[in-house]
Structures are given as C-alpha cells and as structure tokens.
Amino acid sequence: MSWEKSLDEIEKQLLPSHKAQMVFECLECGRTYHIDQFLYTCPSCKSLLRIVDRNFDHLKKVSGQQWRRIFTARRMLNLPSLKGIFLFYELILPCIPLDDVVYLGEGHTPLVQANDELSALVGADFFIKYDGLNPSASFKDRGMASAVSFINYSIRKRNISQLLGICASTGDTSAAAALYLSYLKKGVVRSVVLLPQGKVTSQQLSQPLGSGATVIEISGVFDDCMKIVEELSENYEVFLLNSKNPVRIMGQKSYSYEVAQQMDYDTTDLVVVVPIGNAGNITAVMEGFVDLYRLEIIPQLPRIIGVQSQHANPIARWWRDGRYQPIKVKPSVAQAAMIGDPVSFPKVSQLVSAYFQDRFSVVEVTEQEIIDQMLEANRHGHIVCTQGGESIAGVKKAVEQGLIKKTDKVVVDSTSHQLKFSGFQQMYFEDRLPKEYEIRPRKELQNRPIQLPASASQIAQYLNLQRKSCA
Ligand SMILES: *Cc1c(COP(=O)(O)O)cnc(C)c1O
Ligand SMILES: [Zn+2]
C-alpha cells in the first residue's frame, strides 16, 4: 500500500459515521420530541428542553483513548465542516450532515499561560482561554455555529422558504447571531435583534448593524428584552437564537472539549472558572465535561467555579442562601453578564445536583475588582474583556476562600474581546465612570496620551533620554 493510500484510509476513519438519534428532552417532565422541528420549551409543561442523543451509548463502543486519538488526528483534516466546533461532531449535533455545517472560523481558541507577575497578584497559576478570538469576538460564535448549521440543515430538509432569526442580547449574542445568519441565503433568512438601549457597548452595537440585522432597541435591561423574545418565539413563527434554545448549548459545549484537548485530557485537579450571565455558558461547560466523562475521554470531572458581579448576582445568592430569586440588576462593567433572571438557571441547578455536587461553587466579585483585573491582565501581556477580568477576579477570590489550591490547574474563560469594552477603560482612565458602578480608578492603572510638539529633541527631553556617546 502506498503511503498516500494509507493516509486516505486513516482520513476515512476520521470521518464521522455515528448514527445519532437526537431528541429534545424536557428537563422537568422528561417527555421527548423529535429534533426535526423548532422547539424552545416543552409543549406539554413549558419547562426548558435539552438535546440528547438516544444512541449516545453507541459512542461507548469506541474507547476513551481511541476518541482522544480521533479528535487529535482530526485536526489534520482540511475539511471545513470539521475545522471548527464540529471537530467534535459526534458530541455536538450529529444529526446534521457535514454538507450543512456552517463554519466561519470559530473555535480552537488559544489557551495561554498567565504571566508570572499576574499569577502572583492573583495568588495562583492559571491559563486564560481567549474566546474573544472567535469571528465575532466572543464565545457566542460557538453556539451560533451549531444553531445556524441546524437552521441551514432544517431549511433544506424541510423546504423552509422564510425564516426569521431573533434574539435578545447584552451585545455579543446579537453580534454572533447577525453574523452567522448573514451567511445564509438572502431572501430566505432575516435576522432581528433586541437590545436594551444604551446597555450594550458601541462596538457591540456596530456588529449586528454591520451584518445587516434589524436592530430594535427598547428601554430596560436584558431581562426585559428576553421576556419579549420569549413571547415572540412562543406565539409567532420565529427562530429563537438565545441560549434558551438548546441547539445553542450543543455548540457551546465545544469550549470544554477544547480545554480538555489542550490539557492533554488530564482533568485531574482541573478548575474551570466561568463568568455567569444568562447561565447558558456555564451549563454548556458542565454538559461538555459530562459528555467527555461518560465516554471515559477524561478521568474525572473538573471543578467549576462560576463568577458573578455583586451588581448581577442571582446565582451567587442562590449558592449562598440556597434559594433562587430573580433580582434587579445594577450597572456593571461586566455588562455582557448583567442579567437578573438567568434563563438557564434550572439547568445549572440540575447539573450541579446530578454531577457537580462537590465540584461546584460560585464566587462574587466587586465592580472594582472586575475592571482592575482586566487592566492588570492587559498590563501583563493579556487581552481579556471585562467578563474575563471578572473571571480572574474570581480566581483571586476563590484562592482567598480556599477553593483553589496550589496543585490545581486553573483555566479562566475570557469570554469576549477586550476591544468591545474599551469604552469602560476610557471612562476609567478619564475618571468618568458614573457613580452607580462604584468604581474608583486607581491612578497607577490609568493611562492617557501626551501631546508634545513634533520634535525629536523635545520628545527626547520629555523622555529623559540619554544621548548616544558616539552620536
Ligand atoms: C453572554 C456573555 C457572558 C455570559 O454568558 P451566559 O451564557 O449568558 O451566562 C459572559 N461574557 C460575555 C462576553 C458574554 O457575551
Ligand atoms: Zn415537560
């Protein structure tokens, strides 16, 4: 057999062959529904749905070690449909034919070891996963890749002639939804996003506008927008693109698969730190690790630490008081997580009871800690958004509370790109943050441009430069 032939053989084995049987399953009543329809809540009891593969156990015929090899080797294929989150095809939405997969460059974001001085400040060594390096600059692209692939598949399979995708957003969901939907056929697919006026950054607002979405601004906060799109998706023919839709969660699980792969699948003493907003992300992160654990791809589940701002802390309160209650949010620089009634809370609660009982905690951080940690990270070679700053502040808090030990391997989720939040940095630098944020800029972290004459000698004088001896 020639060398090329044998490579072809290997490649063939790397292509998915699993026959999945995907269904929606109600979180509460357990009823199941066929995947070939658009459902966001249980038609019978209105609870949340998850997506399960009734043939999941067939995947166990392949050993954990073999799966690890397949996922590693698959990275060498130059097949667009397996390049992004669908590299983990069998665990995402294996009901979608490869030809229908939409790949726009998402996933496989770098895992970068934090700078030593920064680690010392925080009190633990850690890695940062740069999910801001996705096409629309946030992790939301992971869930949009699965949701929009599902739409693409459904349009073809069911001959759909008109589809309107809609979402509520704190900024990044709308950016991702508008971008991914704009890739599909014009005249068939339209996108509409609902934003709380003045509560997404100007960079985030520019994104769905640029992708051609209909952008509707309403007064209120994210939770108000969410109620409206929930009502619209229950009563009208629209496709809901929020993480309440479990097709989003399926794609977002890829974060965990990648962390596992980047850690060489050694999840012993692994701690994953995630900011919580609507709780879709932390749900997906937990579900992702559960998949890997069930298939013996990883030896044990990691510990999960959720982080919330004191200004948007319903899940931190639940963790502390044992009682869940929606809250009214206050302004937060971690604006993408500024949510008072997280839709996926019931999923978090179930996952914790079922799998993460002694492996889950939530820590609460101040607005001051969030923005200071973002700036500190940036001063040490890292690009993290305010929610990434929130995660790093969470690591510091967790170390102080004894939740993170020296031997732990810590991974921090920087969920989007810092540049989306440069307005907050600007206000911090110029002492212009409204007082509701309760942030006092630290002088040593502020920075401003200096105006000088266009003169080398005057700039040299300002910088106190030493003249070269031979010049
Ligand atoms: C959406 C978002 C979050 C919160 O994720 P949830 O799934 O809503 O909990 C955190 N950070 C950024 C940057 C986001 O866009
Ligand atoms: Zn039900």
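Only one of A377, A336, A312 is within 22 Å of R440 (Cα to Cα), within 16 Å of ligand 1 (Cβ to nearest atom) and without any contact (Cβ under 8 Å) to a residue 60 or more places away in the chain; which? Break it down stepwise before answering.
Working: A377 fails: without any contact (Cβ under 8 Å) to a residue 60 or more places away in the chain; A336 fails: without any contact (Cβ under 8 Å) to a residue 60 or more places away in the chain.
Being within 22 Å of R440 (Cα to Cα), within 16 Å of ligand 1 (Cβ to nearest atom) and without any contact (Cβ under 8 Å) to a residue 60 or more places away in the chain holds for just one of A377, A336, A312, which is A312.
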task = Name the one entry in Q65, Q113, Q13, Q21 that is more than 16 Å from ligand 2 (Cβ to nearest atom) and under 21 Å from the mean Cα position of the chain (by Cα).
result = Q113
key: Condition met for G105 (surrounded by 12 or more Cβ atoms within 10 Å (Cβ to Cβ), assigned to a loop (DSSP other than H, G, I, E, B), free of Cβ contacts under 8 Å to residues at least 60 places away in the same chain and more than 16 Å from ligand 1 (Cβ to nearest atom))   = yes
message = Anything in the stretch 43-62 that is within 16 Å of ligand 2 (Cβ to nearest atom), in a loop (DSSP other than H, G, I, E, B) and surrounded by 14 or more Cβ atoms within 10 Å (Cβ to Cβ)? List them, or say none.
response = S47
note = In the stretch 24-42, anything within 8 Å of ligand 2 (Cβ to nearest atom), open to solvent by less than 70 Å² (accessible area, probe 1.4 Å) and assigned to a loop (DSSP other than H, G, I, E, B) is listed as L27, C29, G30, C42
request  = Considering only the stretch 172-193, state which residues are open to solvent by 10 Å² or more (accessible area, probe 1.4 Å) and either in contact with an Asp or Glu (Cβ under 9 Å, 6 or more places away or on another chain) or not β-branched (V, I, T) (or both).
outcome  = L179, S182, Y183, L184, K185, K186, G187, R190, S191
key: Qualifying position, being surrounded by fewer than 18 Cβ atoms within 10 Å (Cβ to Cβ) and of a type in the set (S, T, Y), among T386, T407   = T407
key: Checking R50 against (1) within 18 Å of S154 (Cβ to Cβ); (2) within 16 Å of ligand 1 (Cβ to nearest atom), the condition it does not meet   = (1)
note = Apart from one, (1) on the phi > 0 side of the Ramachandran plot; (2) within 12 Å of ligand 1 (Cβ to nearest atom) all hold for G322; the odd one out is (2)
Single condition Q350 does not satisfy, out of (1) on the phi > 0 side of the Ramachandran plot; (2) in contact (Cβ under 8 Å) with a residue 40 or more places away in the chain = (1)
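Only one of V348, V395 is touching a helix residue (DSSP H, G or I) at 6+ places or on another chain (Cβ under 9 Å), within 21 Å of D223 (Cα to Cα), in a helix (DSSP H, G or I) and β-branched (V, I, T). Can you tell me which? Walk me through how you get there before you give the answer.
Details: V395 fails: within 21 Å of D223 (Cα to Cα).
None of the others qualify; the one that does is V348.
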remark   = Note: among D224, D266, just one is within 16 Å of ligand 1 (Cβ to nearest atom), of a type in the set (D, E, K, R) and on the phi < 0 side of the Ramachandran plot, namely D224
query = Is there a residue being buried (at least 23 other Cβ atoms within 10 Å of the Cβ), farther than 27 Å from I404 by Cβ and of a type in the set (K, R) anywhere in the stretch 245-267?
reply = yes
query = Within the bounds of the stretch 63-85, is there any residue that is surrounded by 18 or more Cβ atoms within 10 Å (Cβ to Cβ) and not in a helix (DSSP H, G or I)?
reply = yes
ask   = In the stretch 415-460, which residues are more than 29 Å from the chain's Cα centre (by Cα), of a type in the set (A, V, I, L, M, F, W, C) and open to solvent by 80 Å² or more (accessible area, probe 1.4 Å)?
value = I450, A454, A456
note = Pairs returned, first residue in the stretch 24-47 that is within 16 Å of ligand 1 (Cβ to nearest atom), second residue that is open to solvent by less than 20 Å² (accessible area, probe 1.4 Å) and part of a strand (DSSP E or B), beta-carbon separation under 6 angstrom, 6 or more apart or interchain, are Y40/L240
task = Read through the list (1) within 13 Å of ligand 1 (Cβ to nearest atom); (2) open to solvent by less than 10 Å² (accessible area, probe 1.4 Å); (3) under 18 Å from A377 (Cα atoms), then give the number of the only condition that L133 fails.
result = (2)
ask   = Among the listed residues T41, T72, which satisfies the condition of being in contact with a strand residue (DSSP E or B) (Cβ under 8 Å, 6 or more places away or on another chain) and of a type outside the set (G, A, S)?
value = T41
message = Quick test of your reading of the structure: E296 fulfils all but one of (1) touching a residue at least 24 places away in the same chain (Cβ under 8 Å); (2) not in a loop (DSSP other than H, G, I, E, B). Name the failing condition by number.
response = (2)
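The values are calculated or read from the model by the stated rules, or taken from the named source; none is laboratory data. Bear in mind that the values here come from a model prediction, so they are computed numbers and not experimental data. With ideal geometry, Cβ positions are generated from the backbone for all residues, glycine too; neighbour counts draw on all protein chains shown. All accessible areas refer to the heavy atoms of the entire protein, side chains included, with ligands and DNA or RNA removed. Shrake-Rupley method; radii C 1.70, N 1.55, O 1.52, S 1.80 Å.
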